[in-house]
Amino acid sequence: MNLREVLRQTLGAIRAHKMRSFLTMFGIVWGIASVILLVGLGQGFSKDQKDRMKTLGTDLAIIWGGRTSSQAGGYAAGREIRLSIDDVRRIKEECYLIKSVSPELRRNVPEVSQFNSANRAVRGVWPEFQRFRSLKVSEGRLMTEDDEREARRVVLLGYESAQQLYPGKPSIGATLSMKGVPYTVIGVMEKKKQNSSYGSGPDNTQLFVPYSSMARDFPPPDKPGVTRGWINNIVVEVANPEQHEEAMKQIYRALGRVHHFEPDDKDALFVWDTMQGAKLLQRIFNVMTIFFGTVAIVTLCLGGIGVMNIMLVSVTERTREIGVRKAMGATRGDILRQFFAESAMLTVISGTLGLSAGIGICLGMAKLPLPEYVPAPLISPIALVASVLTLSLITITAGMYPAQRAAELPPVECLRYE
(Lines give C-alpha, C1' and ligand atoms only; values in the text may rest on other atoms or scores of the structure.)
Protein backbone atom coordinates (compact mmCIF):
# COMPACT_ATOMS: atom_id res chain seq x y z
CA MET A 1 0.00 0.00 0.00
CA ASN A 2 1.58 3.28 -1.09
CA LEU A 3 1.46 6.64 0.69
CA ARG A 4 -1.21 8.03 -1.63
CA GLU A 5 -3.53 5.12 -0.84
CA VAL A 6 -2.94 5.52 2.91
CA LEU A 7 -3.65 9.24 2.70
CA ARG A 8 -6.79 8.58 0.65
CA GLN A 9 -8.13 6.07 3.20
CA THR A 10 -7.26 8.33 6.13
CA LEU A 11 -9.02 11.32 4.59
CA GLY A 12 -11.95 9.06 3.74
CA ALA A 13 -12.20 7.92 7.36
CA ILE A 14 -12.06 11.54 8.54
CA ARG A 15 -14.84 12.55 6.13
CA ALA A 16 -16.94 9.57 7.13
CA HIS A 17 -16.78 10.49 10.83
CA LYS A 18 -16.32 14.25 10.78
CA MET A 19 -17.30 15.06 14.36
CA ARG A 20 -15.39 12.15 15.88
CA SER A 21 -12.30 12.96 13.84
CA PHE A 22 -12.53 16.66 14.67
CA LEU A 23 -12.72 16.02 18.42
CA THR A 24 -9.83 13.55 18.22
CA MET A 25 -7.64 15.93 16.27
CA PHE A 26 -8.65 18.86 18.47
CA GLY A 27 -7.15 17.09 21.49
CA ILE A 28 -3.75 16.93 19.76
CA VAL A 29 -4.00 20.47 18.37
CA TRP A 30 -4.92 21.89 21.77
CA GLY A 31 -2.21 19.86 23.51
CA ILE A 32 0.57 21.05 21.18
CA ALA A 33 -0.65 24.66 21.28
CA SER A 34 -0.87 24.48 25.10
CA VAL A 35 2.74 23.33 25.42
CA ILE A 36 4.00 26.20 23.27
CA LEU A 37 1.70 28.81 24.83
CA LEU A 38 2.07 27.89 28.51
CA VAL A 39 5.84 27.45 28.38
CA GLY A 40 6.02 30.68 26.36
CA LEU A 41 3.96 32.52 28.99
CA GLY A 42 6.18 31.20 31.77
CA GLN A 43 9.31 32.37 29.98
CA GLY A 44 7.60 35.66 29.10
CA PHE A 45 6.82 36.33 32.76
CA SER A 46 10.40 35.42 33.69
CA LYS A 47 11.91 37.78 31.11
CA ASP A 48 9.50 40.56 32.09
CA GLN A 49 10.48 40.25 35.76
CA LYS A 50 14.18 40.27 34.84
CA ASP A 51 13.68 43.44 32.84
CA ARG A 52 11.83 45.04 35.74
CA MET A 53 14.59 44.02 38.15
CA LYS A 54 17.14 45.64 35.84
CA THR A 55 15.32 48.96 36.25
CA LEU A 56 16.14 48.78 39.96
CA GLY A 57 19.76 47.98 39.09
CA THR A 58 21.99 44.97 38.57
CA ASP A 59 24.55 43.54 41.01
CA LEU A 60 23.47 46.04 43.66
CA ALA A 61 23.27 46.03 47.43
CA ILE A 62 21.40 48.64 49.46
CA ILE A 63 22.82 49.11 52.96
CA TRP A 64 21.12 50.59 56.02
CA GLY A 65 22.42 50.90 59.53
CA GLY A 66 21.24 48.18 61.91
CA ARG A 67 21.90 47.23 65.56
CA THR A 68 24.88 45.34 66.86
CA SER A 69 24.14 41.87 68.18
CA SER A 70 27.36 41.38 70.17
CA GLN A 71 29.90 43.35 72.18
CA ALA A 72 32.97 44.67 70.38
CA GLY A 73 35.89 46.84 71.52
CA GLY A 74 34.30 47.57 74.88
CA TYR A 75 31.04 48.73 73.29
CA ALA A 76 27.77 47.12 74.39
CA ALA A 77 25.53 45.05 72.13
CA GLY A 78 22.31 46.56 70.81
CA ARG A 79 23.85 49.83 69.65
CA GLU A 80 22.25 51.53 66.67
CA ILE A 81 24.57 52.06 63.70
CA ARG A 82 24.03 55.36 61.90
CA LEU A 83 25.60 55.77 58.48
CA SER A 84 27.22 58.97 57.27
CA ILE A 85 28.78 60.40 54.12
CA ASP A 86 32.20 59.48 55.53
CA ASP A 87 31.19 55.80 55.37
CA VAL A 88 30.46 56.19 51.66
CA ARG A 89 33.86 57.75 51.04
CA ARG A 90 35.50 55.00 53.08
CA ILE A 91 33.84 52.27 51.01
CA LYS A 92 34.93 54.03 47.81
CA GLU A 93 38.54 54.26 48.97
CA GLU A 94 39.02 50.90 50.72
CA CYS A 95 36.68 48.34 49.16
CA TYR A 96 38.32 47.53 45.83
CA LEU A 97 35.67 44.89 44.98
CA ILE A 98 33.03 47.64 44.86
CA LYS A 99 32.73 49.21 41.42
CA SER A 100 30.52 52.20 42.32
CA VAL A 101 28.94 53.63 45.43
CA SER A 102 26.54 56.45 46.22
CA PRO A 103 24.89 57.89 49.34
CA GLU A 104 21.18 58.50 49.52
CA LEU A 105 19.65 61.30 51.52
CA ARG A 106 15.86 61.36 51.25
CA ARG A 107 13.45 64.10 52.29
CA ASN A 108 9.82 64.89 51.52
CA VAL A 109 9.64 68.59 50.72
CA PRO A 110 6.93 70.73 49.10
CA GLU A 111 7.52 71.47 45.41
CA VAL A 112 5.82 74.30 43.53
CA SER A 113 6.00 74.93 39.78
CA GLN A 114 4.24 77.63 37.82
CA PHE A 115 1.56 75.05 36.91
CA ASN A 116 1.05 72.84 39.97
CA SER A 117 2.35 71.78 43.37
CA ALA A 118 3.33 68.49 45.00
CA ASN A 119 4.91 67.03 48.10
CA ARG A 120 7.07 64.26 46.70
CA ALA A 121 10.22 62.57 47.94
CA VAL A 122 13.54 64.08 46.90
CA ARG A 123 16.72 61.97 46.80
CA GLY A 124 20.18 63.45 47.10
CA VAL A 125 22.63 61.15 45.28
CA TRP A 126 26.00 61.12 43.55
CA PRO A 127 25.91 61.25 39.72
CA GLU A 128 27.11 57.62 39.31
CA PHE A 129 23.90 56.52 41.07
CA GLN A 130 22.05 57.34 37.84
CA ARG A 131 24.03 54.76 35.84
CA PHE A 132 23.83 51.73 38.13
CA ARG A 133 20.22 52.47 39.07
CA SER A 134 19.28 52.65 35.36
CA LEU A 135 17.98 56.23 35.38
CA LYS A 136 17.49 57.38 31.79
CA VAL A 137 16.04 60.62 30.51
CA SER A 138 13.40 61.10 27.85
CA GLU A 139 14.37 64.75 27.55
CA GLY A 140 17.08 66.96 29.00
CA ARG A 141 20.17 65.51 30.68
CA LEU A 142 21.36 63.65 33.75
CA MET A 143 23.31 65.14 36.65
CA THR A 144 27.08 65.45 36.20
CA GLU A 145 30.15 65.45 38.43
CA ASP A 146 30.30 69.22 38.06
CA ASP A 147 26.75 69.48 39.43
CA GLU A 148 27.83 67.50 42.50
CA ARG A 149 31.19 69.21 43.00
CA GLU A 150 29.72 72.73 42.75
CA ALA A 151 26.49 71.80 44.63
CA ARG A 152 24.36 73.19 41.82
CA ARG A 153 20.65 73.55 42.38
CA VAL A 154 19.50 71.26 39.58
CA VAL A 155 16.80 68.61 39.68
CA LEU A 156 15.94 65.48 37.65
CA LEU A 157 12.21 64.70 37.62
CA GLY A 158 10.72 61.21 37.68
CA TYR A 159 8.12 60.49 35.02
CA GLU A 160 5.08 60.83 37.31
CA SER A 161 6.57 63.84 39.10
CA ALA A 162 6.92 65.65 35.77
CA GLN A 163 3.34 64.73 34.83
CA GLN A 164 2.05 66.31 38.05
CA LEU A 165 4.25 69.39 38.26
CA TYR A 166 4.29 70.18 34.52
CA PRO A 167 1.11 68.59 33.09
CA GLY A 168 1.54 68.73 29.32
CA LYS A 169 3.92 71.67 29.65
CA PRO A 170 7.65 72.02 28.85
CA SER A 171 9.77 71.56 31.95
CA ILE A 172 13.40 71.60 30.85
CA GLY A 173 15.03 74.80 32.07
CA ALA A 174 12.02 75.73 34.22
CA THR A 175 12.47 76.85 37.80
CA LEU A 176 11.00 74.57 40.48
CA SER A 177 10.63 75.92 44.01
CA MET A 178 11.54 73.21 46.54
CA LYS A 179 10.74 74.31 50.08
CA GLY A 180 11.23 77.87 48.88
CA VAL A 181 14.61 77.15 47.26
CA PRO A 182 14.76 77.59 43.44
CA TYR A 183 16.03 74.58 41.49
CA THR A 184 16.42 74.30 37.71
CA VAL A 185 14.87 71.29 35.97
CA ILE A 186 17.57 69.65 33.81
CA GLY A 187 15.88 66.38 32.82
CA VAL A 188 12.76 64.22 32.86
CA MET A 189 13.15 60.46 33.31
CA GLU A 190 11.78 57.81 30.98
CA LYS A 191 8.83 55.88 32.39
CA LYS A 192 10.18 52.84 34.22
CA LYS A 193 8.50 49.45 34.64
CA GLN A 194 9.48 48.85 38.23
CA ASN A 195 7.99 46.18 40.50
CA SER A 196 10.30 46.53 43.47
CA SER A 197 11.71 49.55 45.25
CA TYR A 198 12.98 50.71 48.61
CA GLY A 199 12.89 53.86 50.64
CA SER A 200 10.25 56.31 49.51
CA GLY A 201 8.79 54.56 46.46
CA PRO A 202 9.35 53.86 42.75
CA ASP A 203 11.73 56.07 40.79
CA ASN A 204 8.87 57.42 38.62
CA THR A 205 7.49 59.25 41.65
CA GLN A 206 10.77 60.78 42.83
CA LEU A 207 12.92 63.85 42.26
CA PHE A 208 16.72 63.55 42.18
CA VAL A 209 19.25 66.26 43.07
CA PRO A 210 23.02 66.29 43.73
CA TYR A 211 23.82 65.03 47.21
CA SER A 212 25.90 68.12 48.02
CA SER A 213 22.93 70.38 47.20
CA MET A 214 20.55 68.22 49.23
CA ALA A 215 22.83 68.18 52.29
CA ARG A 216 23.16 71.97 52.16
CA ASP A 217 19.56 72.97 51.38
CA PHE A 218 17.56 70.16 53.01
CA PRO A 219 19.68 68.65 55.79
CA PRO A 220 18.17 65.85 57.88
CA PRO A 221 15.96 67.05 60.76
CA ASP A 222 17.59 67.42 64.15
CA LYS A 223 16.95 64.40 66.35
CA PRO A 224 18.96 62.34 68.83
CA GLY A 225 21.83 60.51 67.15
CA VAL A 226 21.57 62.38 63.86
CA THR A 227 24.77 64.28 63.15
CA ARG A 228 26.06 66.34 60.26
CA GLY A 229 26.63 64.12 57.25
CA TRP A 230 23.97 61.56 58.26
CA ILE A 231 22.46 59.66 55.31
CA ASN A 232 19.52 57.27 54.92
CA ASN A 233 21.39 54.48 53.17
CA ILE A 234 24.26 53.52 50.86
CA VAL A 235 23.91 51.89 47.44
CA VAL A 236 26.85 49.89 46.09
CA GLU A 237 27.50 48.15 42.77
CA VAL A 238 29.69 45.05 42.89
CA ALA A 239 32.48 44.91 40.30
CA ASN A 240 32.35 41.13 39.79
CA PRO A 241 29.16 39.13 40.56
CA GLU A 242 31.32 36.06 41.26
CA GLN A 243 32.94 37.93 44.18
CA HIS A 244 29.71 39.36 45.55
CA GLU A 245 30.00 37.76 49.01
CA GLU A 246 33.63 38.83 49.43
CA ALA A 247 32.67 42.40 48.45
CA MET A 248 30.06 42.45 51.24
CA LYS A 249 32.68 41.19 53.70
CA GLN A 250 34.94 44.08 52.71
CA ILE A 251 32.17 46.54 53.54
CA TYR A 252 31.54 44.92 56.94
CA ARG A 253 35.26 45.08 57.75
CA ALA A 254 35.61 48.72 56.63
CA LEU A 255 32.54 49.99 58.49
CA GLY A 256 33.04 47.69 61.48
CA ARG A 257 36.42 49.26 62.19
CA VAL A 258 34.95 52.79 62.62
CA HIS A 259 31.55 51.85 64.06
CA HIS A 260 33.03 49.29 66.46
CA PHE A 261 31.29 46.07 65.48
CA GLU A 262 32.67 42.67 64.47
CA PRO A 263 32.91 41.92 60.73
CA ASP A 264 30.75 38.82 61.21
CA ASP A 265 27.97 40.75 63.02
CA LYS A 266 25.34 40.60 60.27
CA ASP A 267 22.80 42.55 62.35
CA ALA A 268 25.00 45.63 62.49
CA LEU A 269 24.02 46.45 58.91
CA PHE A 270 20.80 45.68 57.11
CA VAL A 271 21.56 44.70 53.50
CA TRP A 272 19.10 44.21 50.66
CA ASP A 273 20.97 42.13 48.12
CA THR A 274 19.34 42.44 44.69
CA MET A 275 21.40 39.52 43.32
CA GLN A 276 19.95 37.10 45.86
CA GLY A 277 16.48 38.46 45.18
CA ALA A 278 16.97 38.00 41.43
CA LYS A 279 18.16 34.40 41.92
CA LEU A 280 15.15 33.59 44.13
CA LEU A 281 12.77 35.17 41.62
CA GLN A 282 14.38 33.21 38.79
CA ARG A 283 13.92 29.93 40.67
CA ILE A 284 10.25 30.74 41.27
CA PHE A 285 9.60 31.43 37.58
CA ASN A 286 11.60 28.36 36.50
CA VAL A 287 9.39 26.18 38.70
CA MET A 288 6.29 27.93 37.35
CA THR A 289 7.43 27.33 33.76
CA ILE A 290 8.14 23.66 34.47
CA PHE A 291 4.68 23.32 36.05
CA PHE A 292 3.01 24.97 33.05
CA GLY A 293 4.96 22.74 30.68
CA THR A 294 4.07 19.60 32.64
CA VAL A 295 0.36 20.46 32.61
CA ALA A 296 0.54 21.08 28.86
CA ILE A 297 2.40 17.80 28.20
CA VAL A 298 -0.23 15.89 30.22
CA THR A 299 -2.93 17.59 28.12
CA LEU A 300 -1.10 16.48 24.97
CA CYS A 301 -0.83 12.91 26.28
CA LEU A 302 -4.58 12.89 26.92
CA GLY A 303 -5.02 13.88 23.27
CA GLY A 304 -2.84 10.86 22.37
CA ILE A 305 -5.13 8.61 24.39
CA GLY A 306 -8.00 9.98 22.33
CA VAL A 307 -6.20 9.00 19.13
CA MET A 308 -5.62 5.48 20.48
CA ASN A 309 -9.28 5.16 21.43
CA ILE A 310 -10.49 6.30 18.02
CA MET A 311 -8.16 3.85 16.27
CA LEU A 312 -9.37 1.00 18.47
CA VAL A 313 -12.95 1.92 17.55
CA SER A 314 -11.89 2.04 13.91
CA VAL A 315 -10.37 -1.46 14.18
CA THR A 316 -13.62 -2.77 15.66
CA GLU A 317 -15.75 -1.11 12.99
CA ARG A 318 -13.52 -2.41 10.18
CA THR A 319 -13.13 -5.97 11.44
CA ARG A 320 -14.93 -7.45 8.44
CA GLU A 321 -12.85 -5.30 6.07
CA ILE A 322 -9.69 -6.67 7.70
CA GLY A 323 -10.96 -10.23 7.19
CA VAL A 324 -11.69 -9.58 3.49
CA ARG A 325 -8.22 -8.05 2.97
CA LYS A 326 -6.53 -11.02 4.63
CA ALA A 327 -8.63 -13.48 2.61
CA MET A 328 -7.43 -11.70 -0.52
CA GLY A 329 -3.78 -12.18 0.45
CA ALA A 330 -2.96 -9.20 2.67
CA THR A 331 -0.25 -10.11 5.14
CA ARG A 332 -0.05 -9.25 8.83
CA GLY A 333 2.54 -6.59 7.93
CA ASP A 334 0.18 -5.01 5.38
CA ILE A 335 -2.59 -4.62 7.97
CA LEU A 336 -0.11 -3.37 10.56
CA ARG A 337 1.27 -0.72 8.22
CA GLN A 338 -2.19 0.36 7.11
CA PHE A 339 -3.56 1.15 10.58
CA PHE A 340 -0.27 2.50 11.89
CA ALA A 341 0.00 4.80 8.87
CA GLU A 342 -3.57 6.03 9.42
CA SER A 343 -2.99 6.88 13.09
CA ALA A 344 0.37 8.47 12.24
CA MET A 345 -1.26 10.58 9.55
CA LEU A 346 -3.92 11.68 12.02
CA THR A 347 -1.37 12.74 14.64
CA VAL A 348 0.98 14.39 12.13
CA ILE A 349 -1.83 16.50 10.64
CA SER A 350 -3.05 17.42 14.14
CA GLY A 351 0.50 18.14 15.34
CA THR A 352 1.21 20.42 12.38
CA LEU A 353 -1.99 22.35 13.03
CA GLY A 354 -1.13 22.52 16.75
CA LEU A 355 2.39 23.86 16.11
CA SER A 356 1.00 26.44 13.71
CA ALA A 357 -1.70 27.47 16.19
CA GLY A 358 0.73 27.73 19.14
CA ILE A 359 3.31 29.77 17.24
CA GLY A 360 0.58 31.90 15.67
CA ILE A 361 -0.99 32.72 19.06
CA CYS A 362 2.43 33.69 20.50
CA LEU A 363 3.22 35.95 17.54
CA GLY A 364 -0.29 37.43 17.62
CA MET A 365 -0.13 38.23 21.34
CA ALA A 366 3.26 39.91 20.84
CA LYS A 367 1.60 42.40 18.48
CA LEU A 368 -1.47 43.06 20.64
CA PRO A 369 -1.61 45.98 23.13
CA LEU A 370 -1.60 43.75 26.22
CA PRO A 371 -2.02 45.09 29.78
CA GLU A 372 1.25 46.05 31.47
CA TYR A 373 1.10 43.07 33.83
CA VAL A 374 0.61 40.51 30.99
CA PRO A 375 3.85 39.94 29.06
CA ALA A 376 3.89 38.55 25.53
CA PRO A 377 4.68 34.80 25.46
CA LEU A 378 8.06 33.80 24.03
CA ILE A 379 8.46 31.04 21.45
CA SER A 380 10.61 28.55 23.33
CA PRO A 381 12.83 26.16 21.32
CA ILE A 382 12.63 23.78 24.28
CA ALA A 383 8.82 23.76 24.07
CA LEU A 384 8.96 23.09 20.33
CA VAL A 385 11.39 20.19 20.77
CA ALA A 386 9.37 18.78 23.70
CA SER A 387 6.17 19.01 21.62
CA VAL A 388 7.69 17.20 18.65
CA LEU A 389 9.24 14.47 20.82
CA THR A 390 6.00 13.94 22.73
CA LEU A 391 4.05 13.89 19.48
CA SER A 392 6.45 11.27 18.08
CA LEU A 393 6.00 9.12 21.18
CA ILE A 394 2.21 9.48 20.93
CA THR A 395 2.34 8.54 17.23
CA ILE A 396 4.24 5.34 17.99
CA THR A 397 2.24 4.41 21.10
CA ALA A 398 -1.24 5.40 19.94
CA GLY A 399 -0.75 3.91 16.50
CA MET A 400 1.13 0.69 17.19
CA TYR A 401 -1.23 -0.91 19.71
CA PRO A 402 -4.42 -0.61 17.59
CA ALA A 403 -2.44 -1.64 14.47
CA GLN A 404 -1.16 -4.77 16.23
CA ARG A 405 -4.67 -5.68 17.35
CA ALA A 406 -5.91 -5.31 13.77
CA ALA A 407 -3.02 -7.37 12.37
CA GLU A 408 -3.56 -10.22 14.86
CA LEU A 409 -7.26 -10.71 14.13
CA PRO A 410 -7.92 -14.22 12.60
CA PRO A 411 -9.35 -13.96 9.06
CA VAL A 412 -12.19 -16.48 9.78
CA GLU A 413 -13.33 -14.61 12.87
CA CYS A 414 -13.17 -11.33 10.98
CA LEU A 415 -15.37 -12.65 8.17
CA ARG A 416 -17.92 -13.92 10.71
CA TYR A 417 -18.03 -10.54 12.46
CA GLU A 418 -21.29 -8.62 11.97
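The values are calculated or read from the model by the stated rules, or taken from the named source; none is laboratory data. Note that the structure is a prediction, hence the values are computed from the model and not measured. Don't worry about glycine lacking a Cβ; one is built from the backbone with ideal geometry, like all the others, and counts go over all protein chains shown. Accessible surface areas use protein heavy atoms only, side chains included; no ligands, DNA or RNA. Shrake-Rupley method; radii C 1.70, N 1.55, O 1.52, S 1.80 Å.
Residue count for the range 20-41 under the criterion of being out of contact with any helix residue (DSSP H, G or I) (no Cβ under 6 Å at 6 or more places or on another chain) and either over 9 Å from residue 299 (Cβ atoms) or of a type in the set (Asp, Glu) (or both): the result is 5. Listed by first and then second residue, the pairs with beta-carbon distance under 6 Å, at least 6 apart or on different chains, first residue in the range 235-248 and in contact (Cβ under 8 Å) with a residue 24 or more places away in the chain, second surrounded by 16 or more Cβ atoms within 10 Å (Cβ to Cβ) and in a helix (DSSP H, G or I), are 237/132; 238/244; 238/247; 244/275. So is residue 228 modelled with pLDDT under 90 and open to solvent by 10 Å² or more (accessible area, probe 1.4 Å) or not? Criteria met by residue 228.
Considering only residues that are under 35 Å from the mean Cα position of the chain (by Cα), open to solvent by 50 Å² or more (accessible area, probe 1.4 Å) and at pLDDT below 80, which ones fall in the range 44-85? Correct list: 45, 47, 50, 51, 54, 58. Condition check: at pLDDT 95 or above and hydroxyl-bearing (Ser, Thr, Tyr). Does residue 183 satisfy that? Yes; evaluated as a whole, the condition is true for this residue. Residue count for the range 358-395, restricted to those that are of a type outside the set (Phe, Trp, Tyr) and farther than 14 Å from residue 300 by Cα: 23. Whenever a residue of the range 117-128 is under 15 Å from residue 157 (Cβ atoms), its partners that are open to solvent by 30 Å² or more (accessible area, probe 1.4 Å) and part of a loop (DSSP other than H, G, I, E, B), lying with C-beta atoms within less than 7 angstrom and at least six residues away or across chains, give the pairs 117/110; 119/110; 121/200. Of the conditions (1) at pLDDT below 80; (2) open to solvent by 20 Å² or more (accessible area, probe 1.4 Å), residue 402 satisfies every one except a single condition; which number is it? Among (1) at pLDDT below 80; (2) open to solvent by 20 Å² or more (accessible area, probe 1.4 Å), residue 402 violates only (2). With respect to (1) at pLDDT 80 or above; (2) more than 40 Å from the chain's Cα centre (by Cα), the lone exception for residue 341 is condition (1). Checking 246, 262 one by one, the residue that is within 30 Å of residue 94 (Cα to Cα), buried (at least 16 other Cβ atoms within 10 Å of the Cβ) and modelled with pLDDT of 85 or more is 262 and no other.
The set of residues in the range 138-149 being open to solvent by 20 Å² or more (accessible area, probe 1.4 Å) and either touching a Leu at 6+ places or on another chain (Cβ under 7 Å) or touching a residue at least 60 places away in the same chain (Cβ under 8 Å) (or both) consists of 142, 148, 149.
Residue 104 meets each of the listed conditions (1) open to solvent by less than 30 Å² (accessible area, probe 1.4 Å); (2) assigned to a loop (DSSP other than H, G, I, E, B) apart from (2).
Confirm whether residue 291 is open to solvent by 70 Å² or more (accessible area, probe 1.4 Å), assigned to a strand (DSSP E or B) and at pLDDT 75 or above.
Taking the combined requirement at face value, the residue does not satisfy it.
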